[in-house]
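Report on the structure given below.
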Amino acid sequence: MNKKALHTLEFDKILLLLEAEAASERGKELCRSLVPFSSIEDIEHAQGETGDALQRIFKYGSPSFSGVRDTGKSLRQAVAGAVLSMNELLDIASFLEVTKEVKSYGDSNPEETKVPDSLDDRFSCLESLDYVAKEIRRCILDSDTVSDDASPELKDIRRKIKNTRSNVHSTLSKMISGRISEYLMDRMIVTRDNRYCLPVRSEYKSQVPGIVHDQSGTGSTLFIEPKAVVEMNNEIKELELKEREEINSILKALSFEAGQNAEIIEADLTIMAELDFIFAKAALALNMNAVRPEFNTGEIIRLRAARHPLIDADKVVPIDLELGESFDLLVVTGPNTGGKTVSLKTVGLLELMGLSGLHIPAGDRSALSFFREIYADIGDEQSIEQSLSTFSSHMTNIVEILKDANITCLCLFDELCAGTDPTEGAALAMAVLDFLHKKSIRTMATTHYPELKEYALSTAWVENACLEFDVESLRPTYRILVGIPGKSNAFAISKRLGLPDRIINDAKKRVNEEDEKFEKVLASLEENRVTLEKKQKEISDTQAEIERLQSELDSGRQRLNESKEKILSSAKEEARLILKEAKETADAAIKNMQKYADSDTLKAAEKDRAALRESLNKTLPSSSGISPTLSAVPEQDKPHGNLRRKQVKIGMNVRIISLNLKGTVQTLPDNNGNLSVQCGIIKYDVNINDLNSEDTARRGYGIGSLSSGKKPLGHTKTIHPEINLIGKNSDDAREELSSYLDDAFVSHLSQVRIVHGKGSGILRETVRSYLKNCRYVREFREGEFGEGDSGVTIAVFKND
């Protein structure tokens, strides 16, 4: 890759950002030396490493390489037999400790199943040499201190030095407190040349025998080592020499150990630098919110929401751009400061980043191509030293580009052939672009020449694009619009800035008529585009609102279904309780009849009671439905009614013999004679043999009949809380209702349900007219939802 393009597209600034993410010097050096790869296999491998490191950061956090120091020189000296300094040995220990931490990176959960990636080999090849690091740390406390425990000999020497110094201090302290105190300038112990002395007044020199080591600036004080401590000071000096020799022996042993493992440590250094570099790429991708681009060899660029990485993330405007699929040459037009150059640099810089194994700040599924070379002629190339004008300098670059460019290259031109006569410049620019277009070289060029817009409109595989500009606010939006040629908007901008209308109008008159027509066409296209975008936004908003309402509707349906299930479940439980209560009531009623009925009647009642209990017991254990089924009664226990299959009609009034309940036929009998009968709010599945036609059954509401035609004594104990009058005329209905209300009131029912149907309303009026004049009816009302609505009237009796 040519260095000029790397500099022009500011790839070096990306490398500075990358270097800042690395911790080790070798890692930083790898960052500084990064260049685009020369094969797509190397690119994909580097992209894979960056992606795998990014996934590890997401999962485990970033590994630390802060303690990695370049110890290569020290290792080479150790191999040669040199004794390393304490600082050099500590650097080796620090590196080995960081290596150990990095090797265990991600091992916090040993039970976790790890997915293999491209970094596994590097991590597995690291050798921490933990024993070497521990030995160095044991012997060396800091850059100036070797531990007493580094060797038994060193510990013994230091113990002797400590004891001898203590003896010297004790001897001198006695002298200070004794007879020579009056000869001293200060009552203190001082050191000169690492030997303990006393500050003696010069006139009393003869009174303190010993060795003079120094004197004060004025000469009034002599620093004398008393004769009594000379031997002890000599001993300390000898011990210090032994200490230095022992420390040197310890450092030599540690240096030898480091030299023995120099090859392993050097390999670790290389691997750690590579990992530091790879994780620096991942950290940069994380900071830029970058993604791994898809690569192809078809010279196709497809950028989605691409952002220039050197512009503030809060200010940069993402662009969508394609090149090489529907067209191979893109001409970008628009006003100055509109973002043309930034868009050009964004494409080139993201290509360089992708080719170098870096993720790019763009949306998912963004694609780049493997270009072997990228040429860029961007910026003011004026050269005073070479006596080149802006045009000459640009043309020099263009000549070099045209000489070397081929189909595997990407060419980027900013203000192609500008800086000269507009007519000649436009002609040259079209010729250059046509030359590149005929060679199918992917090219992107910015221009102000209207001739290039026409060239793009009239040439296949060449496309216009523009940078959107808001004339009202005089600000660019930096949105790139492919397929639309741009306008300079010079007149509109000048007017907004305050240029007088007469000057603007005069300028418009001087514009070529064809150019004016072309600008008007562009203005019309721009207006239509804005209108279309608004419509599309409205459609998009409407679609989003529809989806929101659909979501709410689906949610409402779900809640309704859940509510329905709860209601049905509650109704089933309520029906179960009603049936249970009915069974208990029937049992109690039949037992009470024993006081009043003869033995034959009791036997029949007991038989009916047993049949009823068996039928209800089959229903009670399950709450799966609210329709009791009486067809499962054993054949020998089934009663025999007076109905035949042909006589049954839907809607006819019948009585269920086993339950002594009146109801209405809801379905015709099936092949087994089973059908459904509605009795109040409960639907029963019964057999035709258990039914009597209400027309042939005795009028009355008891469970049996007496030969005398009188109501049985137990009748009022078992009166049903409902009467069905559907199908009767007014007179019959009034007569039956009167008799039923008498029985119900005597049976102490609190209220009853009168079924008269909706129909024409004549039967309903007959019922309610009678209820108004009934002396023991307190009030009545129309049935509610679930009770039968207007087809039912609920009558409430007086308590007294």
Number of the condition not met by E49 [criteria: (1) surrounded by fewer than 16 Cβ atoms within 10 Å (Cβ to Cβ); (2) more than 11 Å from D276 (Cβ to Cβ); (3) modelled with pLDDT of 90 or more]: (1)
Residue within the stretch 251-272 that is open to solvent by less than 40 Å² (accessible area, probe 1.4 Å), acidic (D, E), more than 30 Å from R56 (Cα to Cα) and at pLDDT below 95 present: no
Unique match (being touching a Gly at 6+ places or on another chain (Cβ under 9 Å), touching a residue at least 40 places away in the same chain (Cβ under 8 Å), of a type outside the set (K, R) and in a loop (DSSP other than H, G, I, E, B)) among A5, A23: A23
Hits in the stretch 748-773 - residues which are assigned to a loop (DSSP other than H, G, I, E, B) and either buried (at least 18 other Cβ atoms within 10 Å of the Cβ) or among the hydrophobic types (A, V, I, L, M, F, W, C) (or both): L749, H756, G757
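So that you can scan it fast, the table gives a plain yes or no per residue for (1) free of Cβ contacts under 8 Å to residues at least 60 places away in the same chain; (2) in a loop (DSSP other than H, G, I, E, B):
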| site | (1), (2) |
| --- | --- |
| H308 | yes, yes |
| I311 | yes, yes |
| D314 | yes, yes |
| V317 | no, yes |
| L321 | no, no |
| F327 | no, yes |
| L330 | no, no |
| P335 | no, yes |
| S343 | no, no |
Residues located in the stretch 774-798, provided they are over 22 Å from Q678 (Cβ atoms), surrounded by fewer than 17 Cβ atoms within 10 Å (Cβ to Cβ) and touching a residue at least 24 places away in the same chain (Cβ under 8 Å): Y776, V796
Criterion (surrounded by fewer than 13 Cβ atoms within 10 Å (Cβ to Cβ) and either in a helix (DSSP H, G or I) or modelled with pLDDT under 70 (or both)) met by exactly one of S540, S488: S540
Residue in the stretch 118-137 that is aromatic (F, W, Y), over 26 Å from Q47 (Cα atoms) and crowded, with 16+ Cβ neighbours inside 10 Å present: no
The stretch 35-59 residues that are in contact (Cβ under 8 Å) with a residue 12 or more places away in the chain, paired with ones that are among the β-branched types (V, I, T) and open to solvent by 20 Å² or more (accessible area, probe 1.4 Å) (beta carbon under 8 Å, 6 or more apart): I40/T297
Selection within the stretch 774-800 - modelled with pLDDT under 85 and not in a loop (DSSP other than H, G, I, E, B): D789, S790
Search result, residues across the stretch 176-208 that are farther than 23 Å from L241 by Cβ, part of a loop (DSSP other than H, G, I, E, B) and open to solvent by 80 Å² or more (accessible area, probe 1.4 Å): R187, M188
Filter result for N233 (out of contact with any Gly (no Cβ under 6 Å at 6 or more places or on another chain), open to solvent by 30 Å² or more (accessible area, probe 1.4 Å) and over 30 Å from D268 (Cβ atoms)): no
Qualifying residue in the stretch 311-321 (condition: open to solvent by less than 20 Å² (accessible area, probe 1.4 Å) and among the small types (G, A, S)): no
Boolean, E735 is open to solvent by 60 Å² or more (accessible area, probe 1.4 Å), in a helix (DSSP H, G or I) and either of a type in the set (A, V, I, L, M, F, W, C) or modelled with pLDDT of 85 or more (or both): yes
Check on F435, at pLDDT 90 or above, of a type in the set (F, W, Y) and closer than 15 Å to L9 by Cβ: no
Which listed residue, of S124, S128, S143, S151, is in contact with a Lys or Arg (Cβ under 8 Å, 6 or more places away or on another chain) and under 24 Å from I92 (Cα atoms): S128
Residue ID - nearest to E294 (Cα to Cα), chosen from residues in the stretch 1-41 that are surrounded by 13 or more Cβ atoms within 10 Å (Cβ to Cβ) and hydroxyl-bearing (S, T, Y): T8
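The values are calculated or read from the model by the stated rules, or taken from the named source; none is laboratory data. A quick note: this is a predicted structure, and the numbers were derived from the prediction, not measured. Heads up, the Cβs are rebuilt from the backbone with ideal geometry, glycines too, and the neighbour counts pull from every protein chain shown. Just so you know, the surface numbers come from the protein's heavy atoms only, side chains and all, with ligands and any DNA or RNA stripped out. Shrake-Rupley method; radii C 1.70, N 1.55, O 1.52, S 1.80 Å.
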